[in-house]
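One structure below.
Please treat every number below as a calculation from the coordinates, not as lab data. Not measured: the values here are computed from a predicted model. Note that we place each Cβ from the backbone using ideal geometry, even for glycine, and neighbour counts take in every protein chain shown.
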Amino acid sequence: MDDATIERVRAVVLAIPPGETASYGEVAARAGLRSARLVGRILSEDGHDLPWHRVLRADGTCAPHLATEQSARLRAEGVLMVDGRLPRERRR
């Protein structure tokens, strides 16, 4: 994975405004990538200073190993999860 790819993903995640979310696939598409999994890998390795909590799985759920913290951060921004999932009407 090259530095330009990492920087494109970082820029896309930084551009997600507070109170909004995007899926890993949406971030990948905006960054010109085919792999949503690559976005997850980049965020896990180089996303500690990014609003990583605004990136959700395609089904509107949080990353399982971070679900408590991720949903709390989203709640602080006014994004409410219902039964651990972003309501369908809030997803793109």
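Under the convention that each Lys and Arg Cβ holds +1 and each Asp and Glu Cβ holds -1, the size of the dipole of the range 3-90 around its Cα centre is about 240 debye. Over the chain, Cα pairs under 8 Å with separation of 6+ residues give a relative contact order of 28 percent. Peptides 44-55, 1-12 ranked from most to least packed give 44-55, 1-12, packing being the mean of other C-beta atoms within 10 angstrom over each peptide's residues.
Once Rg/Rh (Cα atoms, Kirkwood Rh) is calculated for the structure shown, the corresponding label among (1) 0.94; (2) 1.20; (3) 1.01 turns out to be (1).
Go through HIS48, VAL82, ILE6 and say which Cα lies farthest out towards the positive end of the charge dipole of the chain; charges sit on Cβ, +1 for Lys and Arg, -1 for Asp and Glu. It is VAL82.
For THR61, nonlocal amide neighbours, meaning residues 5 or more places apart or on other chains whose placed amide H falls under 5 Å from its own, are LEU86. Report note on the peptides 76-84, 13-21: ranked by the mean count of other C-beta atoms within 10 Å, highest first, their order is 13-21, 76-84.
Between the amide H of LEU56 and those of ALA22, SER23, TYR24, distances stay under 5 Å, these residues lying 5 or more places away or on another chain, with hydrogens modeled in the peptide plane.
With respect to the chain, whose longest principal axis is taken over its alpha-carbon atoms, helix 3-14 is tilted by about 20°.
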